[in-house]
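A quick write-up on the structure given underneath.
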Amino acid sequence: MFKSNGRSHKFGFKALFVAVGLFTLAIASGTQAHAANDAPAANEIRLLSTPLDALDGITFAGAYGDDDVAYLSESLQMLNDKMPAWAEYIAQAKPLILSIDLTEGAHGRAAIAKCCLGERGVITFGHHFGTLADSSDPQSESPEARRITFLATLAHEVTHIRDQRAGKFLTKTDYKSCVAAEKSGLEKQLEFQQDALNAELSNNATSAQTYRAWLEQNVKAEARALKSRDLWNQYCGAFLG
Ligand SMILES: [Zn+2]
């Protein structure tokens with residue numbers, strides 16, 4: 001879905017074009033997607049492995065469907081099991097509204113964060129969860145690579161929400177303030193992927209080898225990109241006039 005623009009690195013920050021949003025979001029019905037399952041009878045035993053807790057404090061909006069809710073639930077459950085510090089990092093950003101707006105994706109934006117609508121941090125994804133990949137890089141299409149891409153994007157956006165709640169990077173009105181805000185998000189995104197290299201996210205040895213090769217390459221490319229002016233011009237060049 002994202003076309004490679006022929007530059008040096010295959011995927012990563014260029015494709016994951018993420019921004020702090022300045023637009024107003026129309027929240028659809030604000031439905032709690034898991035509400036139907038959320039109230040067990042008083043005498044019902046709730047299994048510890050239930051993923052429902054991971055979705056507590058998250059409201060869905062926009063073009064989301066059951067598949068998106070299931071994908072998020074699975075992904076947060078995987079974080080709980082394999083990268084618990086990151087599960088906590090994301091949980092601390094609640095309450096959240098997670099929205100999907102495919103027109104943002106059509107404009108090349110993976111996700112946008114807005115803080116806040118009342119108490120809630122708003123993150124709008126431009127694609128259905130777990131579908132973002134680089135069409136020029138087949139390795140980015142594997143289930144593990146898609147999962148990591150989705151969660152790294154979520155970590156990036158959650159960082160914007162956390163930063164703004166903490167009173168940091170409240171204005172993004174010129175090149176300098178834009179770079180400061182984005183640097184915070186992009187560094188967390190990279191840190192997440194570096195930590196994912198130390199976690200075992202696949203039970204299948206062959207696919208593990210494939211996604212790890214992709215991830216190692218991606219981490220190197222993104223670490224390089226963070227030091228390049230090209231990256232900042234891509235994110236914040238609009239402020240240079
Ligand atoms: Zn950002």
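The values are calculated or read from the model by the stated rules, or taken from the named source; none is laboratory data. Note that the structure is predicted; figures quoted are calculated from it, not measured. Every residue, glycine among them, receives a Cβ derived from its backbone with ideal geometry; neighbour counts consider all protein chains shown.
Table: residues versus (1) of a type in the set (A, V, I, L, M); (2) out of contact with any helix residue (DSSP H, G or I) (no Cβ under 9 Å at 6 or more places or on another chain); (3) at pLDDT 95 or above; (4) not in a loop (DSSP other than H, G, I, E, B).
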| position | (1), (2), (3), (4) |
| --- | --- |
| TRP86 | no, no, yes, yes |
| TYR89 | no, no, yes, yes |
| LYS94 | no, yes, yes, no |
| SER99 | no, yes, yes, yes |
| THR103 | no, yes, yes, yes |
| GLY108 | no, yes, no, no |
| ILE123 | yes, no, yes, yes |
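I'd like to know if region 170-179 contains one or more residues that are out of contact with any Phe, Trp or Tyr (no Cβ under 6 Å at 6 or more places or on another chain), surrounded by 23 or more Cβ atoms within 10 Å (Cβ to Cβ) and of a type in the set (A, V, I, L, M, F, W, C). Scanning region 170-179 turns up no residue that is out of contact with any Phe, Trp or Tyr (no Cβ under 6 Å at 6 or more places or on another chain), surrounded by 23 or more Cβ atoms within 10 Å (Cβ to Cβ) and of a type in the set (A, V, I, L, M, F, W, C).
Scanning region 170-191 for residues that are more than 10 Å from the ligand (Cβ to nearest atom) and either among the basic types (Lys, Arg) or assigned to a helix (DSSP H, G or I) (or both) yields TYR175, LYS176, SER177, VAL179, ALA180, GLU187, LEU190, GLU191. PHE129 satisfies every condition listed in (1) closer than 14 Å to PHE192 by Cα; (2) in contact with a Leu (Cβ under 6 Å, 6 or more places away or on another chain) except (1). Just one of the numbered conditions (1) in a helix (DSSP H, G or I); (2) within 15 Å of the ligand (Cβ to nearest atom) is not true of SER207: (2). Residues in region 75-111 that are of a type in the set (Asp, Glu) and surrounded by 15 or more Cβ atoms within 10 Å (Cβ to Cβ): ASP101, GLU104. A Cβ distance below 6 Å, combined with a sequence gap of six or more or placement on separate chains, defines the contacts here; from region 178-194, residues that are within 27 Å of GLY241 (Cβ to Cβ) reach residues that are more than 8 Å from the ligand (Cβ to nearest atom) and among the basic types (Lys, Arg) in the pairs CYS178/LYS172; ALA181/LYS172.
Under the condition of being surrounded by fewer than 22 Cβ atoms within 10 Å (Cβ to Cβ) and assigned to a helix (DSSP H, G or I), the residues counted in region 157-169 number 4.
Of the residues LEU154, LEU132, the single one that is under 23 Å from ASN218 (Cβ atoms), in a helix (DSSP H, G or I), among the aliphatic types (A, V, I, L, M) and within 15 Å of the ligand (Cβ to nearest atom) is LEU154.
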